[in-house]
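Undergrad: If you scroll down you'll find the structure; I have some questions about it.
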Amino acid sequence: MTGRPTYDAVVVGAGPNGLAAAVELARNGCSVAVVEAESTIGGGARSAELTLPGYVHDLGSAIHPFGYASPFFRSLPLEDHGLEWIHPPAPLAHPFDSGTAAMLERSTEDTGATLGPDAEAYRKMMDPLVEDARRIEDTLTGSLRAPRHPIALATAGLRSLLAARGRAERLFVGEKARGLFAGNAAHSFLPLEKPPSALFGFLLGTLGHAFGWPFPKGGSQKLADALASYLVSLGGEVYTGIRVDDVQQVPRSRAVLFDVTPRQLLSIAGEHFTERYRRALERYRYGPGAFKVDFALDGPVPWEAEECRRAGTVHLGGTLDEISAGEAAVARGEHPERPFILLAQQSLFDQTRAPEGKHTVWAYCHVPNGSTFDMTERIEAQIERFAPGFRDRILAKIVSGPADLERWNPNLVGGDINGGYMDLKQLFARPMLRINPYSTPAGGLYICSSSTPPGGGVHGMCGYLAARVALRYLQ
Ligand SMILES: Cc1cc2nc3c(=O)[nH]c(=O)nc-3n(C[C@H](O)[C@H](O)[C@H](O)COP(=O)(O)OP(=O)(O)OC[C@H]3O[C@@H](n4cnc5c(N)ncnc54)[C@H](O)[C@@H]3O)c2cc1C
């Protein structure tokens, strides 16, 4: 990195955060190049015909409440670059052994109607949160208003930093509302007895009502492609097939932003950091891994609870007790007999995903970090439990354990899809406690991945915020 810089900034890694960082830099007048190790861009937002020709599967992320609500993505003309969001009629279904399901519908009232004795409690809890979330839209259009329910919001904010199990038991009496809340909270990859698992229960429910849980038509890849296309229209450049192992390999530039996790950052640029920062990166903790199966099906999933067909996402795990037992087992380093499954069935609402009459299913469960245990049988059994006859519809499947995930994306350390454990401490102090988490002690070197606030998910906010910091140095 000596001599005259070729670019103002180079971004290492073309995941959603790397691309977001590059876009923000380019739209502020910087010359910027993105270098990506793999032959295709998108990182955790990639799609491919994994199983059979004509069946498009999402390699990583599938459902995008964060992406759709992201203030940064909403400020970009991504629809002009090929992005089309599909909203399934209902964001989420959560079936039970009774053959019925709790539904996260777009309205809190309709959702409550599926929750038996907790209808009223659910609405009372969610309505102020939803109203406030919608304020994000107003903010973007320039009419920033104070929250209408500031006290309710502050109280819910504090409560959300608690553990999900206690919250669910306090808020609800019935198994449907408790199970629905537990399923959303389990996205935290935390035991439900650990804070701030409740945050995910509140947040995902709120986003479902305020924005929906949509997905890009044609696959998550379309979101990455739209970001790259917009970047190129701004004069940015994208190069694939270039793995950066040492910061010296990076084309000459004034700033380098790394869309990588602390372990990789340490090995790529560790010698430029202070001892204290190096130690913090070494101590950074990764969370449980994901074990994923992609299915090509002969027909739709034959759900016992018919209403599951209206939802893009289905959570399988039944009651609060069962889900929390499964997540606690993973935290102890065990593999639950009945794992909590996150399942997406995009092809029901997007004809581009599979040949006519055929379908795809994306499903994963949590496993201990780096696990080599094969969960395929348990995942299939769990789907079959709520959809008898499912197995008979399988035409092909591709199994990805933690090692497979890490092979196609080195950011998925031990199968951790969130760029690091998201407990109370590390959710905010990512990669370490620092006034500015995006800068490093080495001038001009930044980290912009989901290992920085606000953490995992396809929303681009880590990249955007890192770029804003880099711009202060570049401008
Ligand atoms: C199975 C799975 C399911 C998920 N489901 C969802 C979901 O439904 N919704 C959601 O919002 N999120 C989901 N996620 C999480 C989401 O994909 C990630 O949080 C998000 O992609 C993080 O973005 P990022 O840009 O920080 O990193 P990544 O998307 O991981 O991108 C990092 C990029 O950097 C590249 N790279 C790494 N090291 C180097 C190097 N040395 N040189 C060059 N390039 C390098 C990688 O190849 C990759 O392309 C899921 C992830 C997985 C794996």
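The values are calculated or read from the model by the stated rules, or taken from the named source; none is laboratory data. These numbers come from a predicted model, not from an experiment. Don't worry about glycine lacking a Cβ; one is built from the backbone with ideal geometry, like all the others, and counts go over all protein chains shown. Accessible surface areas use protein heavy atoms only, side chains included; no ligands, DNA or RNA. Shrake-Rupley method; radii C 1.70, N 1.55, O 1.52, S 1.80 Å.
Undergrad: Residues that are closer than 22 Å to SER220 by Cβ, of a type in the set (Ser, Thr, Tyr) and surrounded by fewer than 20 Cβ atoms within 10 Å (Cβ to Cβ): does the range 63-72 have at least one? Walk me through how you get there before you give the answer.
TA: First, the residues of the range 63-72 that are closer than 22 Å to SER220 by Cβ: 63-72.
Narrowing the set further to residues that are of a type in the set (Ser, Thr, Tyr) leaves 68, 70.
Among the residues that remain, those that are also surrounded by fewer than 20 Cβ atoms within 10 Å (Cβ to Cβ) are: none.
No; the residues of the range 63-72 include none that is closer than 22 Å to SER220 by Cβ, of a type in the set (Ser, Thr, Tyr) and surrounded by fewer than 20 Cβ atoms within 10 Å (Cβ to Cβ).
Undergrad: List, please: which pairs have Cβ atoms under 7 Å, are six or more places apart or on different chains, and start with a residue in the range 371-395 that is over 16 Å from PHE295 (Cα atoms) and open to solvent by 80 Å² or more (accessible area, probe 1.4 Å) and end with one that is part of a helix (DSSP H, G or I) and not aromatic (Phe, Trp, Tyr)?
TA: THR372/ALA403
Undergrad: Name the residues in the range 398-429 that are open to solvent by less than 60 Å² (accessible area, probe 1.4 Å), acidic (Asp, Glu) and within 11 Å of the ligand (Cβ to nearest atom), would you?
TA: Across the range 398-429, the qualifying residues are ASP404, ASP416.
Undergrad: In the range 279-288, is there at least one residue being closer than 25 Å to ALA185 by Cα and in a strand (DSSP E or B)? Full working, then the answer.
TA: Narrowing the range 279-288 to residues closer than 25 Å to ALA185 by Cα: 284-288.
After this cut, where a residue has to be in a strand (DSSP E or B) as well, the list is none.
No.
Undergrad: Among (1) buried (at least 22 other Cβ atoms within 10 Å of the Cβ); (2) touching a Ser or Thr at 6+ places or on another chain (Cβ under 8 Å), where does CYS448 come up short?
TA: Only one criterion is unmet by CYS448, namely (2).
Undergrad: Quick one: is HIS359 open to solvent by less than 10 Å² (accessible area, probe 1.4 Å) and closer than 25 Å to PRO216 by Cα?
TA: Details: open to solvent by less than 10 Å² (accessible area, probe 1.4 Å): no; closer than 25 Å to PRO216 by Cα: yes.
No.
Let's see how each residue does on (1) at pLDDT below 95; (2) within 16 Å of the ligand (Cβ to nearest atom):
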position: GLN221; (1), (2): no, yes
position: SER229; (1), (2): no, no
position: PRO251; (1), (2): yes, yes
position: PHE273; (1), (2): no, no
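Undergrad: Could I ask something else about it? Which residue out of LEU465, LEU427, LEU474 is in contact with a strand residue (DSSP E or B) (Cβ under 6 Å, 6 or more places away or on another chain) and of a type in the set (A, V, I, L, M, F, W, C)? Walk me through how you get there before you give the answer.
TA: Values: LEU465 fails: in contact with a strand residue (DSSP E or B) (Cβ under 6 Å, 6 or more places away or on another chain); LEU427 fails: in contact with a strand residue (DSSP E or B) (Cβ under 6 Å, 6 or more places away or on another chain).
Only one candidate qualifies: LEU474.
Undergrad: To continue, here is another question. Among the helices (runs of 4 or more DSSP H) confined wholly to the range 163-273, which include 2 or more residues that are surrounded by fewer than 24 Cβ atoms within 10 Å (Cβ to Cβ), out of contact with any His (no Cβ under 8 Å at 6 or more places or on another chain) and of a type in the set (D, E, K, R)?
TA: 164-171
Undergrad: Can you tell me how many residues in the range 457-470 are small (Gly, Ala, Ser) and farther than 16 Å from ALA224 by Cβ?
TA: Pass one, the range 457-470, residues small (Gly, Ala, Ser): 457, 460, 463, 466-467, 470.
Cutting the leftovers down to farther than 16 Å from ALA224 by Cβ gives us 466-467, 470.
The number of residues fulfilling the criteria is 3.
Undergrad: Would you say ALA442 is open to solvent by less than 20 Å² (accessible area, probe 1.4 Å), closer than 29 Å to ILE242 by Cα and away from the ligand (no atom under 16 Å from the Cβ)? Give the derivation first.
TA: Working: open to solvent by less than 20 Å² (accessible area, probe 1.4 Å): yes; closer than 29 Å to ILE242 by Cα: yes; away from the ligand (no atom under 16 Å from the Cβ): yes.
Criteria met by ALA442.
Undergrad: Which one of these does GLY318 not meet: (1) buried (at least 18 other Cβ atoms within 10 Å of the Cβ); (2) away from the ligand (no atom under 14 Å from the Cβ); (3) at negative phi?
TA: (3)
Undergrad: For the structure I just gave you, tell me whether GLY389 is of a type in the set (Gly, Ala, Ser) and either within 16 Å of the ligand (Cβ to nearest atom) or in contact with a strand residue (DSSP E or B) (Cβ under 9 Å, 6 or more places away or on another chain) (or both). Give the derivation first.
TA: Values: of a type in the set (Gly, Ala, Ser): yes; either within 16 Å of the ligand (Cβ to nearest atom) or in contact with a strand residue (DSSP E or B) (Cβ under 9 Å, 6 or more places away or on another chain) (or both): no.
Judged against the criteria, GLY389 is not a match.
Undergrad: Between a first residue in the range 57-85 that is at positive phi and a second residue that is away from the ligand (no atom under 15 Å from the Cβ), which pairs have beta carbons less than 8 Å apart while being 6 or more apart in sequence or on different chains?
TA: From residues that are at positive phi, the pairs are GLY82/SER229.
Undergrad: A further question on this structure: Could you list all residues from the range 37-53 that are touching a helix residue (DSSP H, G or I) at 6+ places or on another chain (Cβ under 9 Å) and open to solvent by 30 Å² or more (accessible area, probe 1.4 Å)? Spell out the reasoning first.
TA: Let us first name the residues in the range 37-53 that are touching a helix residue (DSSP H, G or I) at 6+ places or on another chain (Cβ under 9 Å), namely 38, 40-48.
Selection gives GLU38, THR40, ALA48.
Undergrad: Can I ask one more? Residue under question is ASP298, and the condition is that it be acidic (Asp, Glu), more than 30 Å from HIS87 (Cα to Cα) and surrounded by fewer than 18 Cβ atoms within 10 Å (Cβ to Cβ); does it hold?
TA: On the way: acidic (Asp, Glu): yes; more than 30 Å from HIS87 (Cα to Cα): no; surrounded by fewer than 18 Cβ atoms within 10 Å (Cβ to Cβ): yes.
In short, no.
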